[in-house]
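Since the structure comes first, as structure tokens, the remarks are kept for the end.
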Amino acid sequence: MNIAFILPSLLNHGPILVAKDLIEELLKNGHSCKVYYFDKETELHFPCPVERISFFKKISFNHYDIIHSHLFRPDVYCAFHRSAIGPGTRLITTVHTDIFRDLRSAYGFLKGVVAPYIWKRAWKKMDTIVVLSQVAKDNYNKIGLTDKLAIINNGRNVPESYEAVPQSDLDTILKFRSGYTLLGTVSIVDKRKGLEQVLLVLRDNPAYAFLVVGDGIERQNLEKLAEDYGVANRLLMLGRRPQGFRYIPLFDLFLIPSRSEGMPLALLEAAALKTAAVCSDIPVFKEIFRDTEVSFFHLDSTASLQAACTYGLANKAALEQNAYARYLKEYNVAGMAAHYIQLYQSTN
């Protein structure tokens, strides 16, 4: 099959990594791929031709069997040009987020209301809408998309060999964590990630330090909160780093205290790297992992998060082995690609 991917950018963001991993596996299976993207900035290198386009520029849609878009602008672009797409070309999108909750959290009320309205209208032009979990499917069933929805879990492969953590970062982390149990995360820093909950654990438990690999609009607020709680010396905001998964093996526990998620790659990376994880008990996490594989806590309960960290440390080896086994069975890229290939073939 000949498949075009429409992406907002080639930046090192989760949904773009999913598309890249999928393309690599499709090429291995003999399919032809090309990536079209909008924004100038480039961080990821794709193993297929890429071309930057503008919103109003039509690509040769009918050259492809499948047009597969990811995220808001690509979806709206495909819907805008729908009349140029013949019946032999199928439109598929993958939805990586809860558009009603996450957009409002990230961009405020106005954009958080207007963008979902436009996005829903774009989806009506699609042949198939892929969501990442049963939880997501149940949510989108409520807005009349039932006949278009399909579930395909994300997969993520951690390379067998990769560059080591830069020595300057390693020195900083080793000095920072000395004498502490290191809690860590690899994450965008925004409200929906719930990172402020960890600071309360630091306030109540002087044995813990918290490392955040990532950046975002809530960084200054998080640092100010750490000062208010008197734990600024036990919070290290390292900033955004390429291949953030490289830092996960340095953590004693990987924490993901999110209030909302699609299907986070960092949690799959932690499982692949055999690092025990502590997760909020939001429905999507309870769907993709069991309590024998990760340690769950109740949102906004410091006592519950403390208990989950204690449990995670006490049962670290078992959790790591069980989560790794689940990862190998359910969440590798080859399995994800096999499901997409089956979907592509069924829509043609």
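Quick notes
- Residue list for segment 151-188, restricted to those being of a type in the set (A, V, I, L, M), part of a loop (DSSP other than H, G, I, E, B) and modelled with pLDDT of 95 or more: ILE152, VAL165
- Residue in segment 148-157 that is loosely packed, with under 15 Cβ neighbours inside 10 Å and not β-branched (Val, Ile, Thr) present: no
- Segment 330-348 - residue that is more than 19 Å from the chain's Cα centre (by Cα) and of a type outside the set (A, V, I, L, M, F, W, C) and, of those, surrounded by the most Cβ atoms within 10 Å (Cβ to Cβ): TYR344
- Residue in segment 34-53 that is surrounded by fewer than 17 Cβ atoms within 10 Å (Cβ to Cβ), farther than 24 Å from LEU132 by Cβ and either touching a His at 6+ places or on another chain (Cβ under 6 Å) or not assigned by TED's automatic domain parsing to the domain that holds LEU91 (or both) present: no
- The set of residues in segment 211-252 that are within 26 Å of ALA317 (Cβ to Cβ), touching a Lys or Arg at 6+ places or on another chain (Cβ under 7 Å) and in a loop (DSSP other than H, G, I, E, B) is empty.
- Cβ-Cβ under 6 Å pairs, at least 6 apart or on other chains, segment 174-185 side of a type outside the set (Asp, Glu), far side loosely packed, with under 14 Cβ neighbours inside 10 Å: THR181/ALA207
- Residue list for segment 212-252, filter: over 17 Å from the mean Cα position of the chain (by Cα), buried (at least 23 other Cβ atoms within 10 Å of the Cβ) and not charged (D, E, K, R): PHE251
- Conditions (1) more than 30 Å from ALA4 (Cβ to Cβ); (2) surrounded by 17 or more Cβ atoms within 10 Å (Cβ to Cβ); (3) in contact (Cβ under 8 Å) with a residue 24 or more places away in the chain; number of the one not met by TYR311: (3)
- Only one entry in ALA115, ALA79, ALA150, ALA136 is assigned by TED's automatic domain parsing to the domain that holds MET336 and either on the phi > 0 side of the Ramachandran plot or more than 23 Å from the chain's Cα centre (by Cα) (or both), namely ALA79.
- Considering only residues in segment 189-204 that are of a type outside the set (A, V, I, L, M) and outside any loop (DSSP other than H, G, I, E, B), the one that is surrounded by the most Cβ atoms within 10 Å (Cβ to Cβ) turns out to be LYS193.
- Only one of the numbered conditions (1) without any contact (Cβ under 8 Å) to a residue 60 or more places away in the chain; (2) buried (at least 17 other Cβ atoms within 10 Å of the Cβ) is not met by ALA271, and that is (1).
The values are calculated or read from the model by the stated rules, or taken from the named source; none is laboratory data. Here the structure is a predicted model, which is why all the values come from computation and not from measurement. Every residue, glycine among them, receives a Cβ derived from its backbone with ideal geometry; neighbour counts consider all protein chains shown.
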